[in-house]
1. Can you give the Kirkwood hydrodynamic radius for segment 67-107, in Å, rounded to one decimal and based on Cα pairs?
2. Tell me the GluC sites (Glu not before Pro) within segment 138-207 that lie in a loop according to DSSP and have at most 13 other beta-carbon atoms within 10 Å.
3. What do you get when you divide the Cα radius of gyration of the chain by 2.2 N^0.38 Å, with N the number of residues?
4. Label residue 114 and residue 3 with points 7 Å out from Cα along Cα→Cβ: what is the distance between them in nm?
5. Among the chymotrypsin sites (Phe, Trp or Tyr not before Pro) within segment 157-244, which fall in a DSSP loop and have no more than 10 other Cβ atoms within 10 Å of their own Cβ?
6. Per residue, how much accessible area does segment 1-153 have with a 1.4 Å probe, in Å²?
7. So, for segment 182-244, what is the accessible surface per residue at a probe of 1.4 Å, expressed in square angstrom?
8. Among 171, 18, 163, which one shows the highest mean-square fluctuation when the chain is modelled as a Gaussian network with alpha-carbon springs under 10 Å?
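The values are calculated or read from the model by the stated rules, or taken from the named source; none is laboratory data. It should be emphasised that the depicted structure is a prediction, and the values quoted were computed from it without experimental measurement. Please note: Cβ atoms are built from the backbone with ideal geometry, for glycine as well, and neighbour counts cover all protein chains shown. Ligands, DNA and RNA are stripped out before the accessible areas are found, and what is left, the full protein with its side chains, is counted by its heavy atoms. Shrake-Rupley method; radii C 1.70, N 1.55, O 1.52, S 1.80 Å.
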Amino acid sequence: MSVLKIEVEKLNKSFGQLHVLKDINLTVRESEVVCLIGASGSGKSTLLRCLNFLEIKDSGRIIIEGEQIEETTHDLNQVRARVGMVFQHFHLFPHKTVLENVMEAPLFVKKMPKEEVRVEAMRLLEKVGLSEKANVFPSKLSGGQKQRVAIARALAMKPDIMLFDEPTSALDPELVGEVLATMKELALEGMTMIVVTHEMGFAREVADWVIYMHDGKIVEVGHPKELFQHPQEQRTKDFLDSVL
Ligand code: ADP
Ligand code: MG
């Protein structure tokens, strides 16, 4: 029996009059990679942000590793430590070195001992291929390198789940591959991941499931081969025709 990592039931979220997430249901099991695709404005980022409690849902249930999370009863910083997130625009601290960026959250949020945090941060920088950049500032890095630091920084909190919101969309085309390779490695190690992406090649190769969202609803869910080759819904077909 595979372990349920994320369960979402009838999730709704509005911004004022704008109903952005409409009765979203979603289940992600341990070590699954789910790619979330859909046009701009369909609610992909809002869904990820609700799962990480950067946005608070209006209604519905979010169950992380069997535990129903409510902002009223849970310390959301602890939840965020378990559910790591990587953004399109890196969000590194510009005045801190690469190593300090990776050390920041375990040191100041988890209050772990500095030496232990440093050793683990160096291990993670090695893992993403950036140990030689440990002492430089983010401004000296390429976009691809910045994003790999952001991934190392998220991993430093030892999350059980990783959310990626268009992690390669801000990168020059020649830098996309190195970030996708890092993500693929993470997937192969068994990390549970939800990835919002326009990289259909990555989705095809790495995803266990692809979810197509349109206008705040999940329109279609399928194995990548099935969904890309034989979309069941006209909307999915139209979207795929526009991006493939
Ligand atoms: P996607 O990531 O699929 O492009 P988003 O989740 O970012 O979609 O946005 C879905 C809709 O919600 C869009 O119409 C967007 O303008 C709106 N929206 C997102 N965040 C906010 C916010 N903080 N306040 C108001 N509207 C928002
Ligand atoms: Mg988005």
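1. Working: mean 1/r = 0.0816 Å⁻¹.
Kirkwood radius, segment 67-107: 12.2 Å.
2. Working: sites: 174, 178, 185, 189, 199, 205; in loops: 189, 199.
Those that pass, being in a loop and sparsely packed, are 189.
3. Values: Rg = 17.9 Å, N = 244, 2.2 N^0.38 = 17.8 Å.
Ratio of Rg to 2.2 N^0.38 Å for the chain: 1.01.
4. Simple spin-label model gives 3.4 nm for this pair.
5. On the way: sites: 164, 202, 209, 212, 228, 239; in loops: none.
Passing sites in segment 157-244 do not exist.
6. Result: 48 Å² per residue.
7. Working: 3230 Å² over 63 residues.
Dividing the accessible area of segment 182-244 by its residue count gives 51 Å².
8. Sorting by GNM fluctuation, first place goes to 18.
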